[in-house]
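First up is the structure itself, then whatever we jot down about it.
What follows draws every value from the coordinates through simple rules; no lab data is involved. Keep in mind it's a predicted model, so treat the numbers as computed, not measured. Neighbour counts are summed over all protein chains in view; Cβ atoms, including those assigned to glycine, are modelled from backbone coordinates with ideal geometry.
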Amino acid sequence: MHRPPAPRVPHRLLAISLAWTLGGLLAAGEVRAQASVGADAPALALQAERDAKAGRYEAAIGAYERAWELSPDPAYLYNLGVLVLLGRDDPEAAWGFASRYADAVRSEEGRRDARVLLKRIEEPLARTHGFLVLSVTPPGAEVYLDRVTTAGRLQRSEVWVRAGSHRILAEAQGFEPGDRALEVRAGSRTDVRLDLTPRVARAPVENPVPTVDPMKVGTRPPPTPAPATAPRRKGLGHRLGWGLMGTGLGVGAVATVLYGLSWARQQDGKDPFPMGYWAYALWGVGGALLISGITVYVELDDTHAASLVPAGPGGPGLTAMIPW
């Protein structure tokens, strides 16, 4: 790696003891130099240097992260990528820092350093991860890997993800959420395109305000016509009612005849018992039939009659099969 000239670098980090594990990536024993911008960032960078030399990689990573928050110097991202790879053995997180450094750096030297660092990180990463390239419409949609959480949100359209089955989920304002299942193979590139469908806006239902004609104020509105009702057909209900009433009258007539015969026997001094009691019983039956017939005639129309009989090939119910 090219070493920046000494006069341009007031604060330079020294070599960390495990530089050889990157195969000469840390040239001349330096993590990387950065300019002093921000009030406390240089002090944090010096503290990170001391922690790295002492093998306290977590403390060095924390110091660089705080320095980045105070002063977003791209050099901090580079150093974080190196330290995360060495200290945590996490090539996926290291690749995230290195890719952010590649996006932020502007000099040709910095871009060359970024390519070298990314290549060294991707060598172990490709053994367990696959390279995922996303194309999501609309631009600016929030994209998640496997679950809609802060940790699952993807910050880039090109990322390394662990090999296996995954699901990409995306959502955007004014669009229906979308998702796509995919299979990622280690060391391979997977291209995924996901187009969200615009959400159909529903027009609000407005109640129109009736207008008042000034020439008709005070006049009485015309009466609302009653809804027309279909004429009631004479069908099964009427036939059944007439049949019950006729049967009731017939039974009543028979009861009257029996009562007359009973009365005549009584006048002759004979026992009127059988005929008299039969007359009373038949009068009761005839009256019940007469009342039932009147009720059926009045209440049971074609609709109710049809509902009592299952529909047959002739139409809906028995009514359609018995014309008037």
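For the reader, a short list of remarks on this structure follows.
- Extension gain, residue 148 to residue 133: 0.36 nm times the residue separation minus the Cα-Cα distance gives 3.5 nm.
- Surrounding net charge for residue 175, when Lys and Arg each add one and Asp and Glu each subtract one, Cβ distance under 12 Å: -3
- Taking trypsin sites (Lys or Arg not before Pro) across the range 101-167, the ones in a DSSP loop with at most 16 further Cβ atoms lying within 10 angstrom of their Cβ are 106, 127, 147, 156.
- Filtered chymotrypsin sites (Phe, Trp or Tyr not before Pro), the range 34-97: DSSP coil and at most 13 other beta carbons within 10 Å: none
- Cβ-defined net charge surrounding residue 152, 15 Å radius [Lys, Arg +1; Asp, Glu -1]: +1
- Rounded to 0.05, the FRET efficiency of the residue 185 and residue 116 pair, given R0 = 22 Å and the Cβ-Cβ distance, is 0.25.
- What the Cβ-Cβ distance of residue 199 and residue 103 gives, at R0 = 25 Å and to the nearest 0.05, is a FRET efficiency of 0.20.
- DSSP-defined beta bridges in the range 126-200 - what % are antiparallel, rounded to 5: 70
- Per-residue packing, averaged as other Cβ atoms within 10 Å, sorts the ranges 169-178, 191-200 into the order 169-178, 191-200, beginning with the highest.
- Full extension of the chain between residue 175 and residue 247 gives 18.6 nm of extra length, using 0.36 nm per residue less the Cα-Cα distance.
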